[in-house]
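*Asks:* Mind looking over this structure? Questions follow.
What follows is calculated from the coordinates using simple rules that are stated; it is not laboratory data. Everything numeric in this text was worked out from a predicted model, so none of it was measured. In this analysis, Cβ positions are derived from the backbone assuming ideal geometry, glycine residues included, and neighbour counts consider all displayed protein chains.
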Amino acid sequence: MKSVELVEKMDLQLDKLTHLIGDLLDITKIEAGRIQFHESHFDFNELVKETVEDLQRTTEKHHITKDLQPAITVYGDHDRLGSGPDQFYDQCH
């Protein structure tokens with residue numbers, strides 16, 4: 001992967017984390033159940049590909065494979081759904 005692409009990916013991940021941390025730190029929103037979701041339609045396979053790419057960069061010991069079905073459009077918060085596998089991996093690692 002080119003250095004420019006890697007820096008762009010890192011910048012995107014930092015933006016996602018900044019957004020998530022901002023929501024999580026606002027305890028009032030959490031207690032009131034008013035965390036804002038940024039929902040939209042998106043290609044779930046693209047989310048899986050992005051997530052696998054991000055996770056694969058964290059390890060050389062394991063090779064993550066994906067067996068994707070035909071394109072699936074879902075409606076939800078892309079960043080929150082993408083952060084789940086990252087958090088799961090971090091807990092297991």
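*Asks:* Going by the alpha-carbon gyration tensor, a ≥ b ≥ c the square roots of its eigenvalues, is the stretch 8-62 rounded (a/c under 1.5) or, if a/c is not under 1.5, prolate (a/b greater than b/c) versus oblate?
*Replies:* Prolate shape, in that a/c is at least 1.5 and a/b is the bigger ratio.
*Asks:* Taking 7 Å along the Cα-to-C-beta vector as the label spot, tell me the D11-L25 distance in nanometres, rounded to one decimal.
*Replies:* 2.2
*Asks:* Could I have the simple spin-label model distance between K61 and V4, label points 7 Å from Cα toward Cβ, reported in nm to one decimal?
*Replies:* Label-label distance for K61 and V4, simple model: 3.5 nm.
*Asks:* Write out the GluC sites (Glu not before Pro) in the stretch 1-91 meeting two conditions: DSSP loop, and at most 16 other Cβ atoms within 10 Å of their Cβ.
*Replies:* Answer by residue number: E60.
*Asks:* Can you give the relative contact order of the stretch 3-92 as a percent, counting alpha carbon pairs under 8 Å and 6+ residues apart?
*Replies:* That works out to 32 percent.
*Asks:* Run the helix sum for the chain: -39,500 (n - 2.57) per DSSP H stretch of 4+ residues, divided by residue count, reported at 222 nm to the nearest 500 deg cm²/dmol.
*Replies:* Value at 222 nm, helices only: -20000 deg cm²/dmol.
*Asks:* Can you give me the long-range amide H partners of I72? Hydrogens built in the peptide plane at 1.01 Å from N, cutoff under 5 Å, separation of 5 or more residues or another chain.
*Replies:* Under 5 Å from the amide H of I72: F44, N45.
*Asks:* Need one word for the chain: rounded, prolate or oblate. Basis is the Cα gyration tensor (sqrt eigenvalues a ≥ b ≥ c); a/c below 1.5 gives rounded, then a/b vs b/c decides.
*Replies:* Working: a/c = 1.79, a/b = 1.41, b/c = 1.27.
Prolate.
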